[in-house]
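> Provided herewith is a single structure, encoded as structure tokens, for subsequent inquiry.
No lab work stands behind these numbers, since they all come straight from the coordinates. Keep in mind it's a predicted model, so treat the numbers as computed, not measured. Cβ placement follows ideal geometry from the backbone for every residue including glycine, while neighbour counts extend to all protein chains displayed.
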Amino acid sequence: MKFERYGIGIAKGLTVTIRHLLRHPTVNQYPEQRLNVSRRFRGNELIWNRERCTGCGTCAKTCHQGAIEIATSPDATNNKYEVEKYQVDTGYCIQCGLCVEACPYDALYLGYSYECARYRRGELVQSKEDMLYTPERKVSGYFFPEQAQKLPKQTLLIEKVVEKK
Amino acid sequence: MPPDWPGGFWWHWLFFTVVIIGFVLTMVMGAIYLERRGMGRMQSRLGPNRTGPFGLLQPVADAIKVLLKENIVPFTADKVVHWLAPVIAFAPALMIFAVIPFQNGALLADLNIGILYVVAVSSISTVGIFMAGWGSNNKYSLLGAMRNVAAVVSYEIPLVLAIVGVVLIAGSLSLNQIVLAQDIPFILLQPLGFLLFFAAGCAEINRSPFDLMEADSEIVAGFHTEYSGMKFAMFYLVEYAEAIAISAIITTLFLGGWRGPLLPPWLWFIVKVFLVFFAMVWTRTTLPRIRIDQLMAFAWKFLFPMSLINLVITAIQVLAGWPTELAWAMVIINIAIMVGLVLTWSRFFFRLGWGRLEV
């Protein structure tokens, strides 16, 4: 016997809403509460390891947005290439992570931060110095499982509910 | 307590006028807070929580914001009608409270035709709303107002028929007498009547799921599309004042009004009003808005025949003597009748083609 046409649907709906009333709201109050993003988060900036980089330019070739610019000069004394210019226009970056995967020397990482809004378009361009690793600018665990282990676990909305007084 | 408490005709009038205005405004603020927070939580949100502790000052913030806004009147509007509409819509919402007892004998006017007065007065808001729709000179406003008139005309009938059932049992039209007659709350003796009254009442004051007159997705904001500033605030106030008024009437008619143990009577009254209002918020959050043809069909094919059947059954029960010692047996019988009728008629309602015009 089907009960769908006896007004049962309304009763079902009412129980759903009352259950929502009694459980925690799944809301994040952003500036006060910040959730941990996924450990394999593809953030809005790149972290660059100056020591490992050989200046091969694979990242720039892989980037289908053409966001990465690299210029090198030969360094005869150390028998390597010196990276003169390395900059990323994060305005063009689509966080696909191909550059990170392509780098044969594991010199490039995706960033873990997500608050990268800027007032001017020019400020979106990351220069060489802006890309170095610092404690504030954490490395995401994307493509690097050993880096992911160091990061805190992702918080889910259903776990995190405290109302601000 | 004597009926003319607190003594002296004019003192009585002054006291209760001030009390009613204060009561309505405070209750509206409480209702807005309860609705926004409660609805937020039911939708897994928090609701407004920035203004004051727990967002308690949100209604105040809303009021200040809306008062400071510019008052825009459309160039082609009928200025006088446009200006008068919010006032005419608001006055009846206040006037309803004149006959609602806050405790035994504590009411502005203990009319012996109290509930008739409520039915008569509550329909006047519709005139204000229709004036708003007409005076704005806007097609959406007019559509919203027409829908409101259609809804009120249709839903007034089941509403009044549901009231008649209560009046038959209580044997009086005075709201104070009706409360005094409720040794058992009439929601138990008249469960079907309560459901009918609740549904028809929600439709009458255009709360969702029957809020077709201001269906945002179809007709912008309905009759108050062209209103802003203080006049919009008046309509906002009317919406909640009417919701409180209907809650108060339901409390008085079905939930035993101010009667209850331990707490003082007026507090019981307020608690019950908020309980009924909470039920309205609950249904509002749960149910999606219905179409205009479904609105009409629900009134004429479901509520109207059900209220007629309810009236006949109640009349037979009252004629048969209404054995007071067997009141609890009657409660069980009436609840069984309600469940059976709702189930069978829901089935029949679909046979009748629910929203469709032809059968």
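> Can you work out D for segment B:1-114 in µm² s⁻¹ from Stokes-Einstein, where Rh is the Kirkwood radius over C-alpha pairs, the temperature is 10 °C and the viscosity is 1.306 mPa s?
For these conditions, the coefficient is 91 µm²/s.
> Give the long-range amide H neighbours of A:Tyr81: residues separated by 5 or more places, or on another chain, with amide H under 5 Å away, using H modelled in the peptide plane at 1.01 Å from N.
Amide H neighbours of A:Tyr81: A:Asp75.
> Taking every pair of Cα atoms in chain B, average 1/r, invert it to obtain the Kirkwood radius, and report Rg/Rh to two decimals.
0.97
> Under a crude label model (7 Å from the Cα following the beta-carbon direction), how far is A:Ala11 from B:Thr344 in nanometres?
Reported label-point gap for A:Ala11 and B:Thr344 is 1.8 nm.
> Another question, then. R0 = 30 Å: FRET efficiency of A:His64 with A:Arg120, Cβ-based, nearest 0.05?
The pair A:His64/A:Arg120 has a calculated efficiency of 0.75.
> If you don't mind, another one. Could you work out how far the C-alpha centroid of segment A:34-69 sits from that of segment B:20-78, in angstrom?
48
> Let me ask something additional. If you take every DSSP beta bridge whose two residues both sit in chain A, what share of them, in percent to the nearest 5, is antiparallel? Don't skip to the end; give the middle numbers.
Values: 14 of 15 bridges.
Looking only at bridges with both residues in chain A, the antiparallel portion is about 95 percent.
> Using the Kyte-Doolittle scale, find the helices of chain B whose mean hydropathy is at least 0.0 and whose Cα atoms extend 18 Å or more along the helix's long axis, counting only whole DSSP H runs.
Going by DSSP H runs, the hits are B:9-42, B:79-95, B:139-170, B:191-204, B:229-254, B:265-286, B:304-319, B:327-351.
> Can I ask one more? Given the pairs B:Lys65/B:Lys139; A:Lys128/A:Lys150; A:Lys61/A:Lys128; A:Lys80/A:Lys138; A:Lys80/A:Lys128; B:Lys79/B:Lys231, which span a C-alpha to C-alpha distance of over 23 angstrom in this model?
B:Lys65/B:Lys139; A:Lys128/A:Lys150; A:Lys80/A:Lys138
> Relative to a virtual label point 7 Å from the Cα of B:Ile157 in the Cα→beta-carbon direction, which members of segment B:199-241 show backbone nitrogen distances below 18 Å?
B:199-205
> For helix A:9-22, report the angle its Cα long axis makes with the longest principal axis of the Cα atoms of chain A; keep it between 0 and 90° and round to the nearest 10°.
Relative to chain A, helix A:9-22 is tipped by roughly 60 degrees.
> Which distance in nm do the two modelled labels at B:Leu14 and B:Trp83 give, with both placed 7 Å along the Cα-to-Cβ direction?
Going by the 7 Å Cα→Cβ label model, 3.1 nm.
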